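Engineer: Have a look at the structure that comes next, please.
The values are calculated or read from the model by the stated rules, or taken from the named source; none is laboratory data. Since this is a predicted model, take the numbers as computed values, not measurements. Here the Cβ positions follow ideal geometry from the backbone for every residue, glycine too, while neighbour counts run over all protein chains shown.
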Amino acid sequence: MAQIKRVKATSIRPHGLSYSFTLHAPDGARLVGFDNAHRAPAGSARRKRQDQASDHWHRTANDPGRPYAFTDAETLIDDFFDEAERNPGGTRHWSAGHRSGRIEEVEMKTARIQNLRSLREEMKAAARGERRASSAVGRPSFNSVEAVVRLLTPENRRLLALIRDRRPQSVTELVSMTGRAQSNLTRTLAKLRAAGFVTMKSTGRRKMPSVSVKKIVVEIDPYSDRDHLRVA
């Protein structure tokens, strides 16, 4: 997931940018993250006094964060993608974590199949002002058609159909409907949610799953990797 926008410059965001770049595994766990939503834990009282900027990065899901020396947006993009590619699951999990395609619930839209290298160059060009940022930033996408096929197993398709037809009011109710272990079902729902196929609505302490797609049409270009998805 990649988000960046201009904000008023402050002591914690002296560069006037608010950003969050994260790579997630199919189960929703964060693999790598760069953001300035909060300050990284101070290693000492002296560091806490001196370092007011909130720029930091996370190497793992449990990493509380370490200070990041922000220089400019283009360098930030390179640093994020370098870490994503170093991560053992980085390129393998990009299909679930990256969000810049075009997936809508009602109207049929086209979603690009985009690999890490292509996305890196696109984002750097936008940072340099050479092109406009994609209007689809923040929505799910995939790095290959194979990633979609691997996710839509027969078991997962039956699960999506069950959610669509029986409309469970909670994950616990869905566990009863499927007979699957809650831990296993929760992991699957996280993958489907990361891909944009399922949404989870919070109702009190309960989370109610619902499907967010009706149809997926794959268009394969046999001469290049410029495949497309049309999702409704």
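Engineer: Report yes if some residue within region 218-227 is within 28 Å of L119 (Cβ to Cβ), small (G, A, S) and exposed (fewer than 15 other Cβ atoms within 10 Å of the Cβ); otherwise report no.
Structural biologist: yes
Engineer: Looking only at residues that are small (G, A, S) and assigned to a strand (DSSP E or B) in region 1-54, which one is modelled with the lowest pLDDT?
Structural biologist: Residues of region 1-54 that are small (G, A, S), as a first pass: 2, 9, 11, 16, 18, 20, 25, 28-29, 33, 37, 40, 42-45, 53-54.
From what is left, the residues that are assigned to a strand (DSSP E or B) are 2, 18, 20, 33.
Values: A2: 73, S18: 90, S20: 89, G33: 89.
By that ranking, first place goes to A2.
Engineer: Could you list, in sequence order, all residues of region 56-65 that are part of a strand (DSSP E or B) and either modelled with pLDDT under 85 or over 26 Å from R193 (Cα atoms) (or both)?
Structural biologist: Of region 56-65, the ones part of a strand (DSSP E or B) are 56-58.
Within region 56-65, just H56 meets the criteria.
Engineer: Got a sec? Which of A181, A133 is among the hydrophobic types (A, V, I, L, M, F, W, C), surrounded by 11 or more Cβ atoms within 10 Å (Cβ to Cβ), over 17 Å from V218 (Cβ atoms) and at pLDDT below 95?
Structural biologist: Numbers: A181 fails: surrounded by 11 or more Cβ atoms within 10 Å (Cβ to Cβ).
Going through A181, A133 in turn, just one is among the hydrophobic types (A, V, I, L, M, F, W, C), surrounded by 11 or more Cβ atoms within 10 Å (Cβ to Cβ), over 17 Å from V218 (Cβ atoms) and at pLDDT below 95: A133.
Engineer: Here's another thing I want to ask about it. When region 146-168 is examined, which residues are found to be assigned to a loop (DSSP other than H, G, I, E, B) and surrounded by fewer than 12 Cβ atoms within 10 Å (Cβ to Cβ)?
Structural biologist: T153, the sole residue that qualifies.
Engineer: Need pairs with beta-carbon distance below 7 Å; first residue within 28 Å of R230 (Cβ to Cβ) and within region 180-202, second charged (D, E, K, R) and assigned to a helix (DSSP H, G or I); sequence gap 6+ or separate chains.
Structural biologist: T199/R193; M200/R193
Engineer: Quick one: which strands (runs of 3 or more DSSP E) sit completely within region 178-224 and have at least 2 residues that are of a type in the set (D, E, K, R)?
Structural biologist: On the way: elements: 198-203, 206-211, 216-219.
The strands (runs of 3 or more DSSP E) meeting that bar are 206-211.
Engineer: Let me ask another. Please specify each residue of region 66-109 satisfying the condition of being more than 21 Å from E121 (Cβ to Cβ), modelled with pLDDT of 50 or more and either crowded, with 20+ Cβ neighbours inside 10 Å or of a type in the set (D, E, K, R) (or both).
Structural biologist: R66 - this is the single residue of region 66-109 that is more than 21 Å from E121 (Cβ to Cβ), modelled with pLDDT of 50 or more and either crowded, with 20+ Cβ neighbours inside 10 Å or of a type in the set (D, E, K, R) (or both).
Engineer: Go through region 143-172 residue by residue and tally those that are within 18 Å of the chain's Cα centre (by Cα) and modelled with pLDDT of 95 or more.
Structural biologist: Qualifying residue count for the region: 0.
Engineer: Quick one: A232 ticks every box in (1) modelled with pLDDT under 85; (2) more than 19 Å from L151 (Cα to Cα); (3) not charged (D, E, K, R) bar one, so which box is it?
Structural biologist: With (1) modelled with pLDDT under 85; (2) more than 19 Å from L151 (Cα to Cα); (3) not charged (D, E, K, R) applied to A232, the lone miss is (2).
Engineer: Any residue in region 215-232 that is among the polar types (S, T, N, Q) and under 25 Å from A29 (Cα atoms)? Full working, then the answer.
Structural biologist: We begin by selecting, within region 215-232, every residue among the polar types (S, T, N, Q); these are 224.
Then drop every residue that is not under 25 Å from A29 (Cα atoms), which leaves none.
No, region 215-232 has no match at all.
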